[in-house]
Amino acid sequence: MKSVFFMTAAAAALSSGAVCAQMVIEPGSDDRIDWQSLEDFKAAHGDLDGQSFTILGPWLGADQELFTSILPYFQEATGAVAKYSGSDSFEQQIVIDSEAGSPPDVAVFPQPGLAADLAKKGHLTPLGDETAQWVRDNYAAGDSWARLGTYAGQDGAEHFYAFPYKADVKSLVWYVPENFEDAGYEVPETYEDLKALTEQIAADGETPWCIGLGSGGATGWPATDWVEDLMLRINTPEDYDAWTTNALPFNDPKVVAAIDEFGWFAKNDDYVSGGSAAVASTDFRDSPKGLFESPPACYMHRQASFIPSFFPEGTEIGLDVDFFYFPAPADGSLGQPVLGGGTLFSVLSDNPAALAFVDFLKTPAAHEIWMAQKGFLTPHTGVNTDAYGDETLKKMGQILLDATTFRFDGSDLMPGAIGAGAFWTGMVDFVGGKPAEAVADQIQQTWDTIK
């Protein structure tokens, strides 16, 4: 009875005001959403009436509409207005505006490295140890997420500068359930099972994998994701972190082993559709199509959560195709690592409304309102997972919640000359026949030249 009263009171309070007409979900109308969390937030921050702040981010089009759909709830709770601007050249724009002394109050970073650069130059406002601890306590693999937003400031001391909100998952393997069922294959639960399944499919005269690295001027990047996932499955998270900063050299035996592990899958003609020679020349957008051929040209395809955009029209996830977590080793020593990406919110001013917005992003409702629509995943352990708009997102969200370690895409953490250059081309050379040691030496030489 008490919870019903609170929800009714919260709904009544949040329904007041003209801004309610802009809300995509009327407060109190969807019991999957924690309306009380907004009411609690309002009690703590309801004194910002008439204030405003600016947000600059990379989202345009549908993504911008989805993000801005949560802003009216902040405005109703605080009285402050958030003004969002999206830019397709965000990475350049935020640097220009910051250096010119006219930054937005809040910036939405898709890459931690860029946020770290601006923190080092003194452009970001520390969000405080209390907020960093909140992330550790309320996000699955919370220490991973807190580390992701912690950088050295202008004074050299480390502070928490970037709050993670909206995640992406890359540690996924896609498959067609009907094909598995017809062949009698089971979804692997461990990394050893995954390799055994690969061998079994090949022994049956079928092809286990579709792999394509083609992407125009960015050819090679899908292989970097493979290597990153494998780094987290044969090495520690600390090794991974050291690798992305070059504290662990690119030609260290641990990194070479991860590259060779990718080669176990990609350089065996029996394991990949079209043979290993086709890996570099096959466009990544075309590579999953083999799953849907009859008979199947392959049984598995490792790729991030965005890949359904390139599935045949009308493909229904969960029926025509499904996915499983790229499994971890059986001994459990490395836990359940998840590779992914996401966005980080930083404050670049002393605007109290901007700082309050970070607190708003802590509320379950700020996550659930977007979850109930589409295109949103969160590691927030306090959300109602039933709020997800479909079962696919809910399943991906559960992978985040089950993670013991989360690591951001490694190539995005490296200098552009490496992560978007030498690493890409090195992987193309590798699948073309160059030894892992030689490829790693070549990438390390490039890193040495930019230090």
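Assess whether Ser305 counts as being over 27 Å from Gly205 (Cα atoms) and either surrounded by fewer than 17 Cβ atoms within 10 Å (Cβ to Cβ) or not polar (S, T, N, Q) (or both). So Ser305 does not fit the description; no. What is the residue count in the stretch 89-135 for residues that are closer than 16 Å to Thr54 by Cβ, surrounded by fewer than 19 Cβ atoms within 10 Å (Cβ to Cβ) and not β-branched (Val, Ile, Thr)? Here the count works out to 5. Looking across the stretch 31-55 at every residue that is in a helix (DSSP H, G or I) and small (Gly, Ala, Ser), the one that is surrounded by the most Cβ atoms within 10 Å (Cβ to Cβ) is identified as Ser37. I need the full set of residues from the stretch 271-284 which are surrounded by fewer than 19 Cβ atoms within 10 Å (Cβ to Cβ) and assigned to a helix (DSSP H, G or I), in order please. Residues satisfying the conditions are Ala277, Ala278.
The single condition from (1) farther than 26 Å from Trp59 by Cα; (2) in contact with a helix residue (DSSP H, G or I) (Cβ under 9 Å, 6 or more places away or on another chain); (3) open to solvent by 10 Å² or more (accessible area, probe 1.4 Å) that Pro208 fails is (3). If you go through the stretch 56-83 and keep only what is without any contact (Cβ under 8 Å) to a residue 60 or more places away in the chain and open to solvent by less than 30 Å² (accessible area, probe 1.4 Å), you end up with Leu56, Trp59, Leu71, Pro72, Gly79. Meeting the requirement of 2 or more residues that are without any contact (Cβ under 8 Å) to a residue 40 or more places away in the chain and closer than 19 Å to Phe284 by Cα, no helices (runs of 4 or more DSSP H) wholly within the stretch 213-270 can be named. In the stretch 96-116, the residues that are over 18 Å from Lys83 (Cα atoms) reach residues that are of a type in the set (A, V, I, L, M, F, W, C) and open to solvent by less than 30 Å² (accessible area, probe 1.4 Å) with C-beta atoms within less than 7 angstrom, at least six apart or across chains, in these pairs: Pro112/Leu148; Pro112/Ala162; Pro112/Leu344; Pro112/Phe408; Ala115/Phe109; Ala115/Leu124; Ala115/Ala162; Ala115/Leu344. Which count do you get for residues in the stretch 285-294 that are in contact (Cβ under 8 Å) with a residue 24 or more places away in the chain and surrounded by fewer than 22 Cβ atoms within 10 Å (Cβ to Cβ)? Qualifying residue count, the stretch 285-294: 4.
Residues checked against (1) part of a helix (DSSP H, G or I); (2) touching a strand residue (DSSP E or B) at 6+ places or on another chain (Cβ under 8 Å):
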{"position": "Pro104", "(1), (2)": "no, yes"}
{"position": "Ala116", "(1), (2)": "yes, yes"}
{"position": "Gly122", "(1), (2)": "no, no"}
{"position": "Glu130", "(1), (2)": "yes, no"}
{"position": "Val135", "(1), (2)": "yes, yes"}
{"position": "Trp145", "(1), (2)": "yes, yes"}
{"position": "Tyr151", "(1), (2)": "no, yes"}
{"position": "Gln154", "(1), (2)": "no, no"}
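Of everything in the stretch 418-451 that is open to solvent by 60 Å² or more (accessible area, probe 1.4 Å) and not in a helix (DSSP H, G or I), the residue that is nearest to Val255 (Cα to Cα) is Pro435.
Yes/no matrix, rows are residues, columns are (1) buried (at least 21 other Cβ atoms within 10 Å of the Cβ); (2) among the hydroxyl-bearing types (Ser, Thr, Tyr):
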{"residue": "Tyr165", "(1), (2)": "yes, yes"}
{"residue": "Val169", "(1), (2)": "yes, no"}
{"residue": "Val187", "(1), (2)": "no, no"}
{"residue": "Tyr240", "(1), (2)": "yes, yes"}
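The values are calculated or read from the model by the stated rules, or taken from the named source; none is laboratory data. Owing to the predicted nature of the structure, the values given are computational and were not obtained by experimental measurement. Every residue, glycine as well, gets a Cβ built from its backbone with ideal geometry; the counts of neighbours run over all protein chains shown. For accessibility, only protein heavy atoms count, side chains too; no ligands or nucleic acids. Shrake-Rupley method; radii C 1.70, N 1.55, O 1.52, S 1.80 Å.
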